[in-house]
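Report on the following structure.
The values are calculated or read from the model by the stated rules, or taken from the named source; none is laboratory data. Every value quoted in this text rests on a predicted model; they were computed, and no experiment measured them. Ideal geometry is used to build each Cβ from the backbone, glycine not excepted, and the neighbour counts take in all protein chains shown.
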Amino acid sequence: MDASSSRSDWWKTGVVYQVYPRSFADSNADGLGDLAGIIEHLDHLDGAGPGSLGIDAIWLSPIYPSPDFDFGYDVSDYVGVDLRYGTLADFERLVAACHGRGIKVILDLVLNHSSHLHPWFQASRSGRTGPYADWYIWADSPGRTLLGRPRPPNNWRSWFGGSAWQWDDGRGQFYLHGFMPEQPDLNWRNPDVRKALLDVVRTWLGRGVDGFRLDVFNLYLKDAALRSNPRRIGRRGAWSWQRHVNDRNQPELEDLLIEIRGLVDAEPGRMTVGELFDSSIGHGAAYSAPHHLVFDFLFTTVPWSAAAFRAAIATREAAFGPKRWPANVLSNHDQPRHASRNDVSGGSGVGGVGDARAKVAAAMLLTLRGTAFLYYGEEIAQRNLVVPNAEAFDPPARRAGLFFRWWNRDQARGPMAWRPEPGGGFTTGKPWLPLPPDVDVRNVAAQSQDAESVLSYYRRALRLRREMPALNSGAQEPVEPGDPDVVAYVRRTEGQAALILLNFASRPAAVRVPAAAAGGTWRVSLSTHPRGPDEALGGSATLAPLEALIAAQA
Ligand code: NOJ
């Protein structure tokens, strides 16, 4: 078991690897990834050997039975495993195999809404009386539109386009759906619902999981009186024409989060990371107290520029302050992959400028104060697929049009590229999404053979992060490097300091090196470029184009 994941605060010092189960590894040739496939690839993740990444935890995107109206984020049985991914016994094997290697297992809980096919919703929509009648958010229509249709109860919008209210003929009422109409919102204000959902948390904890990623947790509670959001003008898109003050972030949420955290904290070493939905970084920082961690996503929106990242880092540090612990993330299943986002030419090949930028981004992600989250494939700088909306599986992409713009999320969900062979080592069947077009040259096997690959860099940087307390738990101070294209900071614990210099430019950069404390010397621990072993840094240094350098104080 590796040193950091055995600590109860591993969720601060550690690194979490997000597996999108459908696309990671297919063990039974049906073209979909599955749990057995993940088990077969644990060597890639486990910290034991030099050929492994050495992460502390895996987070599995939803594995529950789902009719896939939002690819698992519409759950029809909260305590089951979708047969396409395996059985509960497979899940238990996965947990045991992970725990045997010191890897924690984090599940994705989708508790704001269920599938419309969940028996709770089926019962709820069957009539206005009965035990499940108030398990979802139902409301009468206040009247008719000019076209004679029932008018929705208020102005709330669905994130996936259109009104958040869907008319149900059976009940003669609307129900709320913050996402697809097939994802009705649960009524957390009903004590029976609250109990049932907290029982879901208990069930999975009882099965040995180490924590949860809580999907859109800040939407759980809405204004009890269902008041419309105040209007706002001057922004693009109907979503932005209102201030979302009544459909999220309600004051009572804090107590609920404290209750969930209490269940999770009943044993040490467990955690939650809340997915903050479309809210300010101030909300993210505030919610990190009743949570352990909160995703705020600021870094997923920052363009490739040192100035932009410096500003984003300063904004987050100011919001979180020294006591709260951020979660750092560059890519996930909802966003364009950052290797594509940052690859200006949009197609530089293996070892090109896009890969050099991917290494700088990795150095930053793994050395900034906070827990690092990796998205499967980013360790080989896997790129977005090109999937036009017309061929999309992603449900909102299929609804996209002139009045509702949407990025097709299939593009970030491509099969993992393991080996240069038909099926890419992902499947021996027909993959559910196309393989990345460069799978023959960009894959785990090829990059394992190449000491200069993005994968080899991730492995080295992850090892350094594990070994250096300054990197995994130190405080952080910005440094003025004297070149606008360089981001620089120092991480410091009582006994150790690390200096990080990141050249975002494709030209050399002359930087000032801050004085090391108490007459010490900065010595290079890791660089993306050739440097002498333990090279000492004087008062100034020249960084190569797109060089990321990590030095330790000796
Ligand atoms: C956030 C998830 O990350 C996303 O994939 C999903 O569509 C929505 N929540 C709704 O569950």
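One table, with the values for the structure above:
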item: Unique residue being under 30 Å from Asp70 (Cβ atoms), more than 16 Å from the ligand (Cβ to nearest atom) and more than 24 Å from the chain's Cα centre (by Cα) when the list is Asp438, Asp485; result: Asp438
item: Pair list, Cβ under 7 Å, 6 or more apart: region 471-486 residue of a type in the set (Ser, Thr, Tyr), other residue not in a loop (DSSP other than H, G, I, E, B); result: Ser473/Lys12; Ser473/Thr13
item: Top-ranked residue in region 341-354 [being in a helix (DSSP H, G or I) and surrounded by 17 or more Cβ atoms within 10 Å (Cβ to Cβ); ranked as nearest to the ligand (Cβ to nearest atom)]; result: Arg341
item: Within region 320-340, tally of residues that are more than 16 Å from the ligand (Cβ to nearest atom), within 24 Å of Gly282 (Cβ to Cβ) and either not basic (Lys, Arg) or not in a loop (DSSP other than H, G, I, E, B) (or both); result: 6
item: Hits in region 242-282 - residues which are touching a helix residue (DSSP H, G or I) at 6+ places or on another chain (Cβ under 9 Å), within 16 Å of the ligand (Cβ to nearest atom) and of a type outside the set (Val, Ile, Thr); result: Asp247, Arg248, Asn249, Gly274, Glu275, Leu276, Phe277, Asp278, Ser279
item: Among the residues listed as Arg383, Arg357, the single one being more than 16 Å from the ligand (Cβ to nearest atom), over 20 Å from Asn503 (Cα atoms) and of a type in the set (D, E, K, R); result: Arg383
item: Hits in region 166-187 - residues which are part of a loop (DSSP other than H, G, I, E, B) and more than 15 Å from the ligand (Cβ to nearest atom); result: Asp169, Gly170, Arg171, Gly172, Asn187
item: Those residues of region 317-340 which are of a type in the set (Lys, Arg) and crowded, with 21+ Cβ neighbours inside 10 Å, in sequence order; result: Arg337
item: Condition met for Arg144 (in contact with a His (Cβ under 9 Å, 6 or more places away or on another chain), without any contact (Cβ under 8 Å) to a residue 60 or more places away in the chain and away from the ligand (no atom under 16 Å from the Cβ)); result: no
item: Answer residue from region 124-141, given it is exposed (fewer than 15 other Cβ atoms within 10 Å of the Cβ) and free of Cβ contacts under 8 Å to residues at least 40 places away in the same chain and is farthest from the ligand (Cβ to nearest atom) among those; result: Thr129
item: When residues of region 207-232 are limited to those that are within 16 Å of the ligand (Cβ to nearest atom) and either among the aromatic types (Phe, Trp, Tyr) or surrounded by fewer than 15 Cβ atoms within 10 Å (Cβ to Cβ) (or both), the one nearest to Trp188 (Cα to Cα); result: Tyr220
item: Filter result for the condition that a residue is out of contact with any strand residue (DSSP E or B) (no Cβ under 7 Å at 6 or more places or on another chain) and either closer than 30 Å to Val16 by Cβ or touching a residue at least 24 places away in the same chain (Cβ under 8 Å) (or both), over Leu109, Leu198, Leu214; result: Leu198
item: Test for Leu83: is it surrounded by fewer than 17 Cβ atoms within 10 Å (Cβ to Cβ), touching a Pro at 6+ places or on another chain (Cβ under 8 Å) and at pLDDT 95 or above; result: yes
